[in-house]
Every structure is written in C-alpha cells, then in structure tokens.
1. Here are some residues: VAL61, VAL51. Which one is under 16 Å from GLY251 (Cα atoms), part of a loop (DSSP other than H, G, I, E, B) and aliphatic (A, V, I, L, M)?
2. From the list ARG195, ARG171, ARG189, exactly one residue is over 24 Å from SER228 (Cβ atoms) and not small (Gly, Ala, Ser). Which is it?
3. Can you tell me which residues in segment 67-78 are under 19 Å from PHE152 (Cβ atoms) and in contact with a Lys or Arg (Cβ under 8 Å, 6 or more places away or on another chain)?
4. Quick one: how many residues across segment 39-57 are in contact (Cβ under 8 Å) with a residue 60 or more places away in the chain, surrounded by fewer than 20 Cβ atoms within 10 Å (Cβ to Cβ) and of a type in the set (S, T, N, Q)?
5. Somewhere in segment 226-235, is a residue modelled with pLDDT of 95 or more, open to solvent by 20 Å² or more (accessible area, probe 1.4 Å) and not in a loop (DSSP other than H, G, I, E, B)?
6. Residue by residue through segment 236-264, note down the ones that are in a loop (DSSP other than H, G, I, E, B), of a type outside the set (S, T, N, Q) and open to solvent by 20 Å² or more (accessible area, probe 1.4 Å).
7. Among the numbered conditions (1) within 25 Å of ALA145 (Cα to Cα); (2) surrounded by 13 or more Cβ atoms within 10 Å (Cβ to Cβ), tell me where TYR177 comes up short.
8. Quick check on segment 21-38. Is at least one of its residues touching a Phe, Trp or Tyr at 6+ places or on another chain (Cβ under 9 Å), under 19 Å from ILE247 (Cα atoms) and at pLDDT 85 or above?
Amino acid sequence: MRDNPRAQWVHLLAMLLAALAAMMPIVYPRPASAEGGSATILVYHRFGPTVADTMTVTTPVFAGQLSYLHDHGYTIVPLRDVVNFAAGHGELPPRTVAITADDGHRTVFTDMKPLVEKYRIPVTLFIYPSAISNASYAMTWEQLAELKATGFFSIESHTYWHPNFHVSKRRLSPANYKEFVDMQLNKSRQVVEHRLGGRVTMLSWPFGIYDDDLIAAASASGYLAAASLDRRKVRRGDNVMALPRFIVTNGDVGKRFESLLPAK
C-alpha cells in the first residue's frame with residue numbers, strides 16, 4: 001500500500017524544523033540585576049560607644065548592620081558603580097548597597113576602619129578639609145592617608161568648610177555668593193588632591209542643600225557626581241549630581257534598617 005503523500009510532506013517538514021532547532025543557540029535567562037530596580041546609598045557621620053547626638057551610630061549597632069548586610073546577601077559596591085548605574089551605564093548586582101561617611105570625624109578611623117577591614121567593603125568618605133588636622137573632632141591628614149592606603153576607602157569632597165548655602169546666599173551679593181561657592185568647591189577638591197593624591201570627582205552637598213545653580217557650579221568645577229540627603233533609593237535615570245542617600249541613625253535596626261535597603 002502506498003504512503004499518503006500529505007503524511008510524507010508533514011513528516012519531512014517536522015524533520016526540517018527539528019534540524020533547524022538543533023542548529024539554533026540556546027538562550028539562557030540573564031541573571032537578575034538592579035537594572036530597572038534600585039540601589040541604596042547609606043550615609044554615616046560618626047560612631048562611638050554611646051549615642052552622643054542624633055548623628056551618632058554606636059559601634060555595636062554599626063557592626064550589626066554590616067553583619068546583617070553580609071548574612072542576607074546584599075552586595076556592597078563602590079559608590080562610583082551606583083553613579084554609573086544611575087547614569088544608565090552598566091548594571092548592578094541584585095540588592096546593591098553603597099556606604100558613605102560625611103565630615104571626616106575621628107571615629108571613622110578608630111571605629112569604622114576595623115569593621116570595614118573585617119568585611120573588606122568599599123567606603124566613600126566626604127570630607128571638608130578646613131577641619132582636617134585642625135578641629136578636635138576630625139581626623140588628621142595622616143589618618144586619611146592611612147585609610148586610603150587600605151584600598152577600601154576613597155576620599156572625596158564635602159566642600160571646604162561645610163557652609164549652609166541657603167544662609168550664604170541671603171547674606172552675600174550675587175557676585176560675592178558665586179565667588180564663595182566657587183571657592184568652596186574648588187579649594188576643597190584642590191586641597192584633597194594635593195594632600196592625598198589622585199583625582200577628586202565626587203561631592204557631598206553640605207546639609208543636603210543643592211539647586212540648579214549649585215549643580216552647574218559643581219559641574220563647571222570638575223565634579224562628575226554629587227550626593228544629597230534625599231531619603232529614597234537610587235533608580236536608573238536619577239540626576240547623578242544629586243543622588244539620594246539615607247542618613248543612618250542608631251535606631252535603624254531590624255525592620256527599620258531593612259526598610260532602607262533594596263527589596264529582596
């Protein structure tokens with residue numbers, strides 16, 4: 001009995017499709033990333049055995065926060081990686097966190113440094129040079145150089161003496177205010193570069209104060225990114241000259257600390 005021509009044609013087509021499928025590469029799903037998601041930037045100020053003020057995080061609480069991040073699968077990356085992510089360049093691991101510390105308080109050296117070295121994590125420090133080796137609460141230039149030499153700390157600008165730009169703008173003429181802003185931005189960068197080497201390209205806005213004119217002045221001064229105190233997570237497309245950060249306090253433990261972090 002002769003085979004059905006239609007059945008033969010269907011069988012031939014099926015074999016051809018199977019052969020083509022075998023030749024096509026297998027496309028595996030891409031690993032999860034923070035693209036289209038968010039990252040968290042935390043900012044600390046000072047540490048110690050007790051809560052001296054609202055900006056103090058006790059050293060045991062800080063140790064517990066780092067332990068939580070480590071044990072729950074968060075990835076701590078250099079701040080520059082988050083800047084690139086916000087600018088639309090590259091991707092981040094899931095549950096990304098960047099850690100910063102403002103002001104250059106001496107407890108960054110005495111209390112923060114040992115824990116950073118224990119967990120081997122990157123930290124960005126924003127300092128204002130007028131206080132360094134001068135104010136009793138601040139680190140010395142030698143201590144900052146030692147921090148930088150660890151390879152875990154990068155040191156950036158927090159302006160020259162941490163002014164309140166709102167107050168300065170009210171007190172000064174427009175021309176004098178512009179000159180003052182330029183001095184705060186340029187002198188800080190120049191002093192840090194001279195004292196510690198390298199290039200300073202990031203800025204933390206004092207008191208979180210910024211506006212379009214300040215951003216323009218910072219960009220003209222050579223800064224490529226800046227951090228604010230806007231309390232939210234960083235998303236792709238955010239303005240890299242005003243990246244949001246969460247101020248960490250001693251009460252940020254448990255669920256309260258978890259709420260600052262990227263979603264699981």
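The values are calculated or read from the model by the stated rules, or taken from the named source; none is laboratory data. The structure displayed is predicted, hence computed values, not measured ones. Counting neighbours? That spans all protein chains shown, and the Cβs are built from the backbone with ideal geometry, glycine included. For the accessible areas, the whole protein counts, side chains as well, though only heavy atoms, and no ligand, DNA or RNA atoms are used. Shrake-Rupley method; radii C 1.70, N 1.55, O 1.52, S 1.80 Å.
1. Unique residue meeting the criteria: VAL51.
2. Criteria check complete, one pass: ARG195.
3. Residues satisfying the conditions are TYR74, THR75.
4. The total comes to 1.
5. Within segment 226-235, one or more residues are modelled with pLDDT of 95 or more, open to solvent by 20 Å² or more (accessible area, probe 1.4 Å) and not in a loop (DSSP other than H, G, I, E, B).
6. First, pick out the residues of segment 236-264 that are in a loop (DSSP other than H, G, I, E, B): 236-242, 244-245, 248-253, 259-264.
Remaining after also requiring of a type outside the set (S, T, N, Q): 236-238, 240-242, 244-245, 248, 251-253, 260-264.
Hits for segment 236-264 are ARG236, GLY237, ASP238, VAL240, GLY251, VAL253, ALA263, LYS264.
7. All conditions are met except number (1).
8. The answer is no; no qualifying residue exists.
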